[in-house]
Amino acid sequence: MYKLFLCLRYLRRRRIAFFSVAAVCLCTAMVLIVVSVMNGFLQMVRDRSRGMLGDLIMENQSLQGFPYYQDFIDQVKHDPELGQRIYEATPLIISYGVIRFPSDQITKPAQVLGIRFDETCRVNDFGKGLFYEKYYPGTTTLKPQKEPRLGRDEKGQYVLPTYLEAARSRWEKSAPPDEIAKAWRSKAVPYAGPGAYLPLPDAYAPSGVDTTGLEPVAPAYDGPELPGAIIGTDMVAKRLPTGEYEREYYSRGSTITLTFVPFTDTGKPLESGTGMPSKVFRYADDCRTGVYDIDSMSVYVDFDLLQDVLNMKEDKYTGEQGGGVIPARTTQVQIKLNAGYDPRATRDLLQKQWDEFFMSRIHSVRTPDLLRRVEIRTWEEKQAKYIAAVEKEKYLVTTLFGVISVVAVFLVVCIFYMIVQQKTRDIGIIKSVGATALGVAQIFLAYGAAVGIVGGGIGTIIAVYFVKYINEFQHGLERLGRVFHMDLQVWNPEVYAFDRIPNQVQVWDAVIIYAVAVLMAVAGSVIAAVKAARIWPVEALRYE
Amino acid sequence: MSDVILQAAGLHKSYVMGRTTLDVLKGVSLGVHRGEFVAIMGSSGCGKSTLLHLLGALDVPDRGTVKFDGTDVFGGSNAQRDRLRNRTFGFVFQFYHLLPELNVLENTLIPCMVGHSVAGWLGRRADLRRHATDLLGRLGLGDRLRHRPNELSGGERQRVAIARALANRPQVLLADEPTGNLDAATGCEIMGVLTELNRAGQTVVMVTHDPQVAASAHRIVTLSDGRIRNPKA
Ligand SMILES: Nc1ncnc2c1ncn2[C@@H]1O[C@H](COP(=O)(O)OP(=O)(O)O)[C@@H](O)[C@H]1O
Ligand SMILES: [Mg+2]
């Protein structure tokens, strides 16, 4: 009984014990925060990778791409075994070019992707990141389109063409109220819906001008029909510290110009006409994958259109040994599997089919290596290096902080040693009234455990809340930094590729770290406990 | 004065200090009868405390035996000796040796806590507390139960120490210069308490160098040069 009693009493009365509690608490919190953020980071990398890539990817790592993709897609879709496994497969062209915004005459390098819009939305998470498609469902397309322009109703409010207004009210009917309240209202033009639209010249009124009672102006689709382009959100919108985006400069339907770099099937630059081909598109929507590198570079256009511009459509050639056909090419095929099918096993089946398939075609092309080099990989294999790097980083950082935390153990050792030193007489007293050596040792072990339980517990709670609000902390810091003209931004989205710090604590991480904290505190108290057990009462009680 | 409750025979104890060996006890034999009040006298540093510690199983002799009720104290295990200290002997020290973090009642109850498991303690808590409160009441500390040692005078502290020594109803009370740190009047008071206890049947062995204090005892033995000079009174 005395063990528990004295242990509790010492915990309450010895102020110095609080330092060991604080040390354990801080170390627990530190490790748990680091582990959680790193784990979250890894999970985000994995989720995003998969979200961007689908389950399986076919590619040959060349700019020219590979031919016969459509034949192969059709073949496996109709294969009895593979057809069952494959949910969707879509070709995708990845190329490079330059984007120009005519409104402010700014050009930027761009990764130009040719996609089949509907298929891509089924294969990966692309569709989930679209901005206008979210608030105006069903209105985003890559097909030729005009610019939607705002009109003005009899109340003096800006209005969109009926088709878009109807889409928006469809969204509002299904959206939770707080989402509607949060939906970004453009600062540039005071239209009540999310996004930015340009008013018709007749409808335009500078802010501050009272428009009530004026003649209404009908909204309209304006300008020539131009193919749509979906642009990475970070290219067209300004990210605010709150994490929201402000679409101030570019309105939906405004034009952009893309300049392309086409190659022949043999990889030579195409000598067509003068200079590189250019094409005007309309900003149909913007897309956010959450990976900054992608969102600040990518422009998505229609697959067939890009294939055409890049000279990747079926073509003929003439040569010394006569001519032939150059089949249409793509740079990638992304495949989404039905739920429950293992990507690796399916990859193997697919690879077998492909091997037979390309051998049967290899003699009909003049660039057989484009076929031979095609590899089928799972999303994990494709991102393996990146994921492994993050994994290593996670282990490294965790180990590092774990080692640093051992400092807390030494602190416990020192403080407990001091306590035993100070309490030698008391220990002598309780031994003189019959306490056993083991019992005395247990007091200090229990004391250590108590320090671990309390310190680790508080540390865990701190970490859980810290991690939960880590983005808010970061924004606070950033704001504070701006006051003092310092850069206190810890998490730079451009560096970490993710615009939010992961803020999830895994229950098992917390449990394990807490348990280790308690064990470490007990371990730290062992030396003191042994010292206490060895105290010889006669010695301890000889003097005052 | 019938049966011998505590019997020391041929106790030797020496301390090694660097090269020299200090022989403190050189064959001490002493019997204590049940209900007796024995005073051990001797000059300072002659080994009185050492002897008392051996009698109370607080220290181990180099040679010789101590028998309590016929059983050899140092023949058994450490655990048995821990039990003896807890149950059978009660110690009172010159410097009181109370736990500063604990109040008067808690200090008194420490031997009971040591002697009981958590479950046993919870089961008998009320009983033990009542006993301790009674004890403190009889020692004139009834209204000081919640005070901490540093709020008490020397005489009061020593009375708490006596209460603690008696908490587990020991068969032998061992007091090492219980008045050594007190003024004459307070010392008298404490001696009164011990005499009173002895009159009620408590066996008491007390160490002192003060003849006036020793006079309260039934029997005075003198320790000098490592031996008892007058074992039989
Ligand atoms: N642990 C020890 N180491 C060395 N010498 C000791 C030790 N304990 C006691 N002594 C010595 O033994 C002698 C007897 O001590 P003690 O029994 O305390 O004497 P008393 O109580 O009669 O004053 C003293 O000279 C003391 O210095
Ligand atoms: Mg002494």
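The values are calculated or read from the model by the stated rules, or taken from the named source; none is laboratory data. From a predicted model like this one, the values you see are computed outputs, not experimental measurements. Because the Cβ atoms are built from the backbone with ideal geometry, glycine has one as well, and the counts that use them run over all protein chains shown.
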Out of A:429, A:376, A:458, A:453, report the one residue that is outside any helix (DSSP H, G or I) and either over 30 Å from residue B:84 (Cα atoms) or touching a His at 6+ places or on another chain (Cβ under 6 Å) (or both). A:376
So residue B:227 fits all but one of (1) over 17 Å from residue B:25 (Cα atoms); (2) touching a Gly at 6+ places or on another chain (Cβ under 8 Å); what number is the exception? (1)
Output yes when any residue across the range A:61-80 is free of Cβ contacts under 8 Å to residues at least 40 places away in the same chain, part of a helix (DSSP H, G or I) and assigned by TED's automatic domain parsing to the domain that holds residue A:473, and no when none is. no
Name, by its number, the condition in (1) within 16 Å of ligand 1 (Cβ to nearest atom); (2) assigned to a helix (DSSP H, G or I) that does not hold for residue B:40. (2)
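One line per residue, one yes/no per condition, for (1) within 14 Å of chain B (Cβ to nearest Cβ); (2) of a type in the set (Phe, Trp, Tyr); (3) buried (at least 17 other Cβ atoms within 10 Å of the Cβ):
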residue: A:398; (1), (2), (3): no, no, yes
residue: A:413; (1), (2), (3): no, no, yes
residue: A:422; (1), (2), (3): yes, no, no
residue: A:431; (1), (2), (3): yes, no, yes
residue: A:438; (1), (2), (3): yes, no, no
residue: A:441; (1), (2), (3): yes, no, yes
residue: A:449; (1), (2), (3): no, no, yes
residue: A:452; (1), (2), (3): no, no, yes
residue: A:459; (1), (2), (3): no, no, yes
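Considering every residue within the range A:73-81, establish whether at least one is surrounded by fewer than 17 Cβ atoms within 10 Å (Cβ to Cβ), under 30 Å from residue A:198 (Cα atoms) and either over 25 Å from the mean Cα position of the chain (by Cα) or not basic (Lys, Arg) (or both).
So the first thing to find is which residues in the range A:73-81 are surrounded by fewer than 17 Cβ atoms within 10 Å (Cβ to Cβ), and the list is A:74-75, A:77-81.
After this cut, where a residue has to be under 30 Å from residue A:198 (Cα atoms) as well, the list is none.
Taking every residue of the range A:73-81 in turn, none turns out to be surrounded by fewer than 17 Cβ atoms within 10 Å (Cβ to Cβ), under 30 Å from residue A:198 (Cα atoms) and either over 25 Å from the mean Cα position of the chain (by Cα) or not basic (Lys, Arg) (or both).
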Look at the range B:101-120 and say how many of its residues are assigned to a loop (DSSP other than H, G, I, E, B) and more than 8 Å from chain A (Cβ to nearest Cβ). 1
Given (1) out of contact with any Lys or Arg (no Cβ under 9 Å at 6 or more places or on another chain); (2) under 30 Å from residue A:335 (Cβ atoms); (3) not in a helix (DSSP H, G or I), identify the lone condition not met by residue A:137. (1)
Return yes or no: is residue A:32 assigned to a helix (DSSP H, G or I) and within 14 Å of chain B (Cβ to nearest Cβ)? no
Within the range B:170-193, residues under 21 Å from residue B:51 (Cα atoms) and within 16 Å of ligand 2 (Cβ to nearest atom) come out as B:174, B:175, B:176, B:177, B:178, B:179, B:180, B:181
Filter the range A:292-308 for residues that are among the β-branched types (Val, Ile, Thr) and crowded, with 22+ Cβ neighbours inside 10 Å and give the result. A:299, A:301
Could you list, in sequence order, all residues of the range B:43-69 that are touching a residue at least 60 places away in the same chain (Cβ under 8 Å), more than 9 Å from ligand 1 (Cβ to nearest atom) and not aliphatic (A, V, I, L, M)? B:56, B:67, B:68, B:69
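Which members of the range B:64-83 meet the condition of being in a loop (DSSP other than H, G, I, E, B) and either facing another protein chain (nearest Cβ under 9 Å) or touching a helix residue (DSSP H, G or I) at 6+ places or on another chain (Cβ under 9 Å) (or both)? Step through it out loud before you land on a result.
Start the filter on the range B:64-83 by keeping residues that are in a loop (DSSP other than H, G, I, E, B), which leaves B:69-70, B:73-77.
Hits for the range B:64-83 are B:73, B:74, B:76.
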Return a yes/no flag: does the range B:90-98 have any residue that is away from chain A (no Cβ under 11 Å) and surrounded by fewer than 23 Cβ atoms within 10 Å (Cβ to Cβ). no
Here are the criteria: (1) closer than 26 Å to residue B:154 by Cβ; (2) buried (at least 22 other Cβ atoms within 10 Å of the Cβ); (3) more than 16 Å from ligand 2 (Cβ to nearest atom). Tell me which single one residue B:73 does not satisfy. (1)
Those residues of the range A:287-334 which are modelled with pLDDT under 95 and over 23 Å from residue A:367 (Cα atoms), in sequence order: A:287, A:288, A:289, A:290, A:291, A:292, A:293, A:294, A:295, A:296, A:297, A:298
I want to confirm something. Restricting to the range A:506-544 and keeping residues that are within 14 Å of another protein chain (Cβ to nearest Cβ) and not in a helix (DSSP H, G or I), which single residue is surrounded by the fewest Cβ atoms within 10 Å (Cβ to Cβ)? A:543
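So, residue B:45, is that one within 14 Å of another protein chain (Cβ to nearest Cβ) and surrounded by fewer than 20 Cβ atoms within 10 Å (Cβ to Cβ) or not?
yes
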Residue selected from the range B:11-29 under the condition more than 23 Å from residue A:537 (Cα to Cα) and free of Cβ contacts under 8 Å to residues at least 60 places away in the same chain, by the criterion farthest from ligand 2 (Cβ to nearest atom): B:19
What strands (runs of 3 or more DSSP E), lying completely within the range B:137-233, carry at least 1 residues that are within 16 Å of the chain's Cα centre (by Cα) and of a type in the set (S, T, N, Q)? B:203-208
Those residues of the range B:12-37 which are within 16 Å of residue B:219 (Cα to Cα), surrounded by fewer than 18 Cβ atoms within 10 Å (Cβ to Cβ) and either of a type in the set (D, E, K, R) or within 14 Å of ligand 1 (Cβ to nearest atom) (or both) amount to B:34
Every residue from the range B:30-61 that is among the β-branched types (Val, Ile, Thr) and more than 13 Å from ligand 2 (Cβ to nearest atom): B:32, B:38, B:60
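Out of all the residues in the range B:161-181, which are more than 16 Å from ligand 1 (Cβ to nearest atom) and surrounded by fewer than 21 Cβ atoms within 10 Å (Cβ to Cβ)? Can you show your working first?
Of the range B:161-181, the ones more than 16 Å from ligand 1 (Cβ to nearest atom) are B:161-173.
Scanning the range B:161-181 gives B:169, B:171.
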Just name the residue that is nearest to residue A:137 (Cα to Cα) out of those in the range A:279-312 that are in a strand (DSSP E or B) and among the charged types (D, E, K, R). A:285
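In this structure, is residue B:86 within 7 Å of chain A (Cβ to nearest Cβ), buried (at least 19 other Cβ atoms within 10 Å of the Cβ) and not charged (D, E, K, R)? It would help to see each step written out before you state the result.
Values: within 7 Å of chain A (Cβ to nearest Cβ): yes; buried (at least 19 other Cβ atoms within 10 Å of the Cβ): yes; not charged (D, E, K, R): yes.
In short, yes.
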I'd like the full set of residues that are closer than 22 Å to residue B:196 by Cα, free of Cβ contacts under 8 Å to residues at least 12 places away in the same chain and within 14 Å of chain A (Cβ to nearest Cβ), limited to the range B:121-143. none
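Going by the structure shown, is residue B:102 away from ligand 1 (no atom under 16 Å from the Cβ), of a type outside the set (Lys, Arg) and at pLDDT 90 or above?
Judged against the criteria, residue B:102 is not a match.
Do we find that residue A:347 is under 15 Å from residue A:54 (Cα atoms), charged (D, E, K, R) and either touching a Cys at 6+ places or on another chain (Cβ under 8 Å) or part of a helix (DSSP H, G or I) (or both) in this structure? Break it down stepwise before answering.
Working: under 15 Å from residue A:54 (Cα atoms): yes; charged (D, E, K, R): yes; either touching a Cys at 6+ places or on another chain (Cβ under 8 Å) or part of a helix (DSSP H, G or I) (or both): yes.
So residue A:347 passes the test.
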